[in-house]
Amino acid sequence: MPGPLEGIRVLEVANWVAGPATCAILAELGAEVIKVEPPDTGDPMRSVTTSPQGVVPYTSGVNVAIEEDNRGKKSIAVNLEHPSGQEIVHKLAARSDVLVTNLIPRRQERYRLRYEDVSALNPRIIYVSLTGYGQEGPEKDRPGFDYAAFWARSGIMGTIGEPQWTPVNQRPGMGDHATSLAMTAAIGIALFERERSGKGQRVDCALLHTGLWVLGMDVVAAFYHRTAVQKIPRTEVGNPLFNPYQAADGKWIQLVMIESERFWPGFCRALGLEHLIHDPRFNTHALRRENCQELIRILDEQFATRPRAEWGKRLDAEGCIWAPVQTLDEVILDPQVHANTYIATLRHSSGEEFQVVTAPMKFRRTPGRIPGPAPELGQHTEEVLLDLGYTWDTILKLKEEGAIL
């Protein structure tokens with residue numbers, strides 16, 4: 001069935017993760033996405049991939065990182081340093097509904113791909129510009145990967161973890177994928193507004209801004225109290241029912257009972273600690289907070305007596321809110337993940353099957369689908385140029401000039 005963005009054309013002049021991830025979502029929802037890549041290297045993400053060891057050089061086989069964020073697109077290999085290459089992209093922009101780019105301002109100017117340039121060709125275009133640190137200020141041209149702008153600069157890296165820990169790195173693409181959701185939402189809203197006004201507009205997104213939004217609860221507290229948020233050791237957490245605990249099999253459970261008064265009796269029954277329900281040290285939220293270290297010590301000892309699966313059944317029986325702290329080898333087998341089709345299986349051009357995470361939104365009437373795997377570098381160059389009205393003779397000349405692959 002067609003997706004909600006059927007008939008929308010998207011031009012992607014972006015690389016690495018956040019911009020391409022945005023366009024992967026749009027493609028799954030029915031948009032036609034044309035990805036512009038440099039002929040010599042392609043998207044630099046093609047040179048690396050992700051593995052159980054993290055980000056590693058890509059050598060052969062399925063590049064799962066490229067597939068996750070580029071499935072379902074068309075790829076054209078165009079040299080933006082060449083005037084004829086710029087002309088191709090301008091022609092595509094003139095007929096597109098959306099342009100997504102992470103070019104920094106000076107490159108936008110060099111390639112004549114500023115909003116002013118593109119909107120002169122197509123006043124209805126939605127022009128989405130992603131930067132690391134925003135469009136204004138002294139660092140507007142600073143390159144910004146999500147590890148830097150989203151994770152470190154926003155305060156997330158300096159806020160999470162135990163007090164004695166060294167700073168904890170994010171996992172690959174966490175900030176980029178979070179930002180891709182903001183960009184997707186912005187595009188949808190801008191397209192909706194265009195239906196009213198008939199006009200396109202520029203939309204700015206930044207990794208730093210997304211990081212602040214993700215950490216927003218702590219950021220507003222820091223503003224209000226004019227001090228850094230404290231790192232609290234798990235052995236001193238004020239609400240012991242909102243804390244992780246390790247079971248006998250070494251696996252962890254995350255408790256999330258923010259309203260501890262409501263859950264306290266059932267929680268005690270689940271753990272076989274009924275004698276604590278009316279214990280004068282713990283029988284109110286305030287007392288549990290006052291005596292949190294002693295209660296956490298008791299809970300640590302009790303959780304260490306049974307495996308996680310057994311604790312899960314007992315907690316469920318009492319209506320407690322909790323979740324297993326899963327490792328990814330557990331996540332990929334999680335029946336809840338598969339029951340909701342949060343994972344899709346695609347077939348690589350080599351014939352090998354692989355899995356990707358689907359777009360985190362489900363439309364019931366217009367569900368859309370992933371059109372196919374990620375394209376090879378320049379796979380659709382001739383097809384796209386022919387559709388633009390170029391002749392085969394012109395295409396061959398552009399190849400000879402180095403304007404296209």
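Restricting attention to the stretch 9-38 and to residues that are more than 21 Å from the chain's Cα centre (by Cα) and surrounded by fewer than 20 Cβ atoms within 10 Å (Cβ to Cβ), the residue that is nearest to Leu113 (Cα to Cα) turns out to be Pro38. Does Leu103 satisfy being at negative phi and over 26 Å from the mean Cα position of the chain (by Cα)? For Leu103, the condition - at negative phi and over 26 Å from the mean Cα position of the chain (by Cα) - is not met. Check whether at least one residue in the stretch 23-46 is touching a helix residue (DSSP H, G or I) at 6+ places or on another chain (Cβ under 9 Å), among the polar types (S, T, N, Q) and free of Cβ contacts under 8 Å to residues at least 60 places away in the same chain, and report yes or no. So far as the stretch 23-46 goes, yes, one or more of its residues are touching a helix residue (DSSP H, G or I) at 6+ places or on another chain (Cβ under 9 Å), among the polar types (S, T, N, Q) and free of Cβ contacts under 8 Å to residues at least 60 places away in the same chain.
Here Gly72 qualifies as touching a helix residue (DSSP H, G or I) at 6+ places or on another chain (Cβ under 7 Å), at pLDDT 95 or above and buried (at least 24 other Cβ atoms within 10 Å of the Cβ).
Listed by position, the helices (runs of 4 or more DSSP H) inside the stretch 185-277 whose residues that are over 31 Å from the mean Cα position of the chain (by Cα), at pLDDT 95 or above and more than 27 Å from Ile160 (Cβ to Cβ) number at least 3 are 260-270. Evaluate the stretch 78-95: report whether one residue or more is at pLDDT 95 or above, of a type outside the set (D, E, K, R), crowded, with 16+ Cβ neighbours inside 10 Å and under 22 Å from the mean Cα position of the chain (by Cα). Within the stretch 78-95, none of the residues are at pLDDT 95 or above, of a type outside the set (D, E, K, R), crowded, with 16+ Cβ neighbours inside 10 Å and under 22 Å from the mean Cα position of the chain (by Cα). Annotation note: of Leu99, Leu103, the sole residue that is within 23 Å of Gly378 (Cβ to Cβ), touching a residue at least 60 places away in the same chain (Cβ under 8 Å) and surrounded by fewer than 23 Cβ atoms within 10 Å (Cβ to Cβ) is Leu103.
Residues that are over 20 Å from Pro2 (Cα atoms) and surrounded by 15 or more Cβ atoms within 10 Å (Cβ to Cβ) within the stretch 357-379 comprise Pro375, Leu377, Gly378, Gln379, listed in sequence order. Restricted to the stretch 149-184, and to residues there that are among the β-branched types (Val, Ile, Thr), in a loop (DSSP other than H, G, I, E, B) and touching a Leu at 6+ places or on another chain (Cβ under 8 Å), the residue that is surrounded by the most Cβ atoms within 10 Å (Cβ to Cβ) is Ile156.
Taken over the stretch 380-394, the criterion of being crowded, with 16+ Cβ neighbours inside 10 Å and assigned to a helix (DSSP H, G or I) is satisfied by Thr381, Glu382, Val384, Leu385.
One line per residue, one yes/no per condition, for (1) among the small types (Gly, Ala, Ser); (2) surrounded by 14 or more Cβ atoms within 10 Å (Cβ to Cβ); (3) out of contact with any helix residue (DSSP H, G or I) (no Cβ under 7 Å at 6 or more places or on another chain); (4) under 30 Å from Gly137 (Cβ atoms):
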position: Val203; (1), (2), (3), (4): no, yes, no, yes
position: Thr210; (1), (2), (3), (4): no, yes, no, yes
position: Met217; (1), (2), (3), (4): no, no, yes, yes
position: Tyr224; (1), (2), (3), (4): no, no, yes, yes
position: Lys231; (1), (2), (3), (4): no, no, yes, yes
position: Gln246; (1), (2), (3), (4): no, yes, no, no
position: Cys268; (1), (2), (3), (4): no, yes, no, no
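Yes/no per residue for (1) closer than 18 Å to Ile277 by Cβ; (2) within 30 Å of the chain's Cα centre (by Cα); (3) assigned by TED's automatic domain parsing to the domain that holds Gly238; (4) of a type in the set (S, T, N, Q):
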site: Glu290; (1), (2), (3), (4): yes, no, yes, no
site: Leu295; (1), (2), (3), (4): yes, no, yes, no
site: Thr305; (1), (2), (3), (4): no, no, yes, yes
site: Glu310; (1), (2), (3), (4): no, no, yes, no
site: Arg314; (1), (2), (3), (4): yes, no, yes, no
site: Cys320; (1), (2), (3), (4): yes, yes, yes, no
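Counting residues in the stretch 279-295 that are within 20 Å of Gln246 (Cβ to Cβ), surrounded by fewer than 16 Cβ atoms within 10 Å (Cβ to Cβ) and among the acidic types (Asp, Glu) gives one or more.
Evaluating Phe354 against the criteria (1) more than 30 Å from Met257 (Cα to Cα); (2) assigned to a loop (DSSP other than H, G, I, E, B) leaves one unmet condition, (2). Output the number of residues of the stretch 175-208 satisfying the condition of being under 16 Å from Glu12 (Cα atoms) and charged (D, E, K, R). The qualifying residues number 3.
Of all the numbered requirements in (1) out of contact with any Pro (no Cβ under 6 Å at 6 or more places or on another chain); (2) not assigned by TED's automatic domain parsing to the domain that holds Glu67, Thr345 misses one, and that requirement is (2).
With respect to the conditions (1) farther than 28 Å from Ile160 by Cα; (2) more than 39 Å from the chain's Cα centre (by Cα); (3) not charged (D, E, K, R), Phe282 lacks only one, and its number is (1).
The values are calculated or read from the model by the stated rules, or taken from the named source; none is laboratory data. None of these values were measured; they are calculated from a predicted model. When we count neighbours, we look across all protein chains shown, and the Cβ atoms used for this are built from the backbone with ideal geometry, even at glycine.
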